[in-house]
Amino acid sequence: MNQSKTDKLRHLLKEEHLPAVIIDLDALDRNAEMLVNFGKPVRLATKSIRVTEVLKRVTSRHPEKFSGFMTYSIQETLALADAGFDDFLLAYPTLQTSDLSALQKIVDTGKKFSMVVDSLAQIDLLNKNWSSSNRLGLVIEVDGSLRLLGGMIHLGVRRSGVRTPKQVLSLIEKMDSTQKFKFAGLMVYEAQVAGLTDKNPFKSLLNPIANMVRVWSQKGVIKLRAQIKSFIQSKGYTISLFNGGGSGNLNWIAREESLTELAAGSALYCPHLFDYYSNIHFEPACFFALQVTRSSDPGFVTCQGGGYVASGEPGWDRVAVPFDPPGLKLVNTEGTGEVQTPLTVPANVSLDPGDVVLFRHAKAGEIMERFNEVLFVQDGKVVDRAKTYRGLGIQTY
């Protein structure tokens with residue numbers, strides 16, 4: 001949104017109940033266009049979206065460009081299936097009996113569904129508790145993290161213990177032996193590339209190192225994926241799904257031959273962490289609005305609420321930042337607070353009690369857990385509103 005539109009929007013938001021979350025539909029649509037133009041099908045990471053109307057809007061405009069949904073809990077997957085969505089990859093394994101009952105319900109209704117696994121122990125436990133006559137598709141996640149000095153240095157996520165083609169093969173053979181499961185594909189996520197910023201103003205001294213890690217590690221992951229694909233195919237298995245990447249490195253892997261699809265979600269909203277990548281750029285599309293309620297001193301205002309800190313490594317880059325009016329800054333000794341967020345105000349900006357300030361969250365979908373609905377805006381106007389997962393009563397755990 002340009003300045004005239006944000007000014008108009010902030011004025012209109014005075015009539016809304018605040019705090020509130022806002023999605024700029026025009027920016028959202030442009031970000032979606034970027035995703036579909038990378039050349040491979042995209043599987044939407046729902047944890048970074050958490051609004052079913054956004055999922056519908058994006059996928060209905062380009063149905064052939066999206067391969068499905070990467071979900072993050074079984075209850076969420078069940079709710080999306082009941083809402084008419086299809087083709088799910090549950091990227092985070094669950095082994096609870098109650099979850100497996102819900103999982104079987106999805107499979108038995110004919111929905112396309114698969115779940116990530118990464119150990120023989122998981123398959124053994126699933127085998128004991130899987131009673132459906134329909135075979136469950138399992139996708140093997142291979143560790144894509146960077147390990148140096150025999151593992152003493154680890155960069156990436158700690159999820160999978162599968163690191164070699166032979167380990168992948170042993171899991172596939174275990175699936176075959178049970179007669180309950182089928183090999184549905186592979187996933188290798190390089191968090192130390194897709195999730196590591198290298199133009200971060202909060203970590204400026206580390207940016208050159210981060211860039212080197214990203215470039216070097218990406219080459220290694222591409223090689224690993226190619227090796228696994230070649231080995232598994234040589235054993236007579238077909239790889240119908242091979243998922244990789246994230247919003248932070250889509251342009252680096254769009255033409256990678258091993259991958260059948262890309263994973264992305266945060267790109268649609270473009271939270272402020274996504275300003276800090278050197279290789280890829282999206283447009284801010286998601287904001288939250290707070291009201292100004294106080295002014296303790298000249299050059300300071302205080303907003304109500306705002307303490308929406310993102311998950312991950314603690315740091316200032318995980319805190320929301322003021323977006324509009326331009327030039328506002330957080331107070332270092334308070335940051336964003338549970339009940340108040342003080343800001344410094346430049347001399348050329350005038351803010352009074354009752355005025356509205358727009359902020360950007362550090363990450364994408366997490367802000368939706370705080371609100372029951374989002375406001376859709378276009379041309380500085382509120383044109384519609386939609387329920388979040390929270391507003392719909394969808395459990396995300």
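General observations
- The one condition from (1) under 22 Å from the mean Cα position of the chain (by Cα); (2) surrounded by fewer than 23 Cβ atoms within 10 Å (Cβ to Cβ); (3) in the same structural domain as Ala91 (by TED's automatic domain parsing) that Asn249 does not meet is (2).
- Scan the range 60-79 for residues that are surrounded by fewer than 21 Cβ atoms within 10 Å (Cβ to Cβ), without any contact (Cβ under 8 Å) to a residue 40 or more places away in the chain and among the polar types (S, T, N, Q) and the total you get is 1.
- Qualifying position, being modelled with pLDDT of 95 or more, in a helix (DSSP H, G or I), surrounded by fewer than 20 Cβ atoms within 10 Å (Cβ to Cβ) and out of contact with any Lys or Arg (no Cβ under 7 Å at 6 or more places or on another chain), among Ser240, Ser230: Ser230
- Breaking point among (1) modelled with pLDDT of 95 or more; (2) over 17 Å from the mean Cα position of the chain (by Cα); (3) among the polar types (S, T, N, Q), for Ser48: (2)
- Looking at the range 47-164, the helices (runs of 4 or more DSSP H) lying wholly inside it that each contain 1 or more residues that are among the basic types (Lys, Arg) sit at 52-61, 97-108, 120-129.
- For the range 181-194, taking the residues that are free of Cβ contacts under 8 Å to residues at least 60 places away in the same chain and part of a strand (DSSP E or B), the one that is farthest from Leu103 (Cα to Cα) is identified as Val188.
- Test: residue in the range 195-202 that is assigned to a helix (DSSP H, G or I), touching a residue at least 60 places away in the same chain (Cβ under 8 Å), surrounded by fewer than 19 Cβ atoms within 10 Å (Cβ to Cβ) and not aliphatic (A, V, I, L, M): yes
- Qualifying positions in the range 80-101 - among the small types (Gly, Ala, Ser) and either surrounded by fewer than 19 Cβ atoms within 10 Å (Cβ to Cβ) or within 16 Å of Thr59 (Cβ to Cβ) (or both): Ala81, Ala83, Gly84, Ser98, Ser101
- Residues of the range 369-397 that are surrounded by 17 or more Cβ atoms within 10 Å (Cβ to Cβ) and assigned to a loop (DSSP other than H, G, I, E, B): Phe371, Gly380, Thr388, Ile394, Thr396.
- Residue in the range 169-187 that is under 30 Å from Ala362 (Cβ atoms) and among the hydroxyl-bearing types (Ser, Thr, Tyr) present: no
- Scanning the range 30-46 for residues that are more than 20 Å from Ser114 (Cα to Cα), assigned to a helix (DSSP H, G or I) and touching a residue at least 60 places away in the same chain (Cβ under 8 Å) turns up Arg30, Asn31, Ala32, Met34, Leu35.
- Residue in the range 340-365 that is farthest from Leu273 (Cα to Cα), counting only those that are small (Gly, Ala, Ser) and buried (at least 16 other Cβ atoms within 10 Å of the Cβ): Gly365
The values are calculated or read from the model by the stated rules, or taken from the named source; none is laboratory data. Being a predicted model, the structure only gives us computed values, none of them experimental. Glycine gets a Cβ as well: all are built from the backbone with ideal geometry, and neighbour counts include every protein chain shown.
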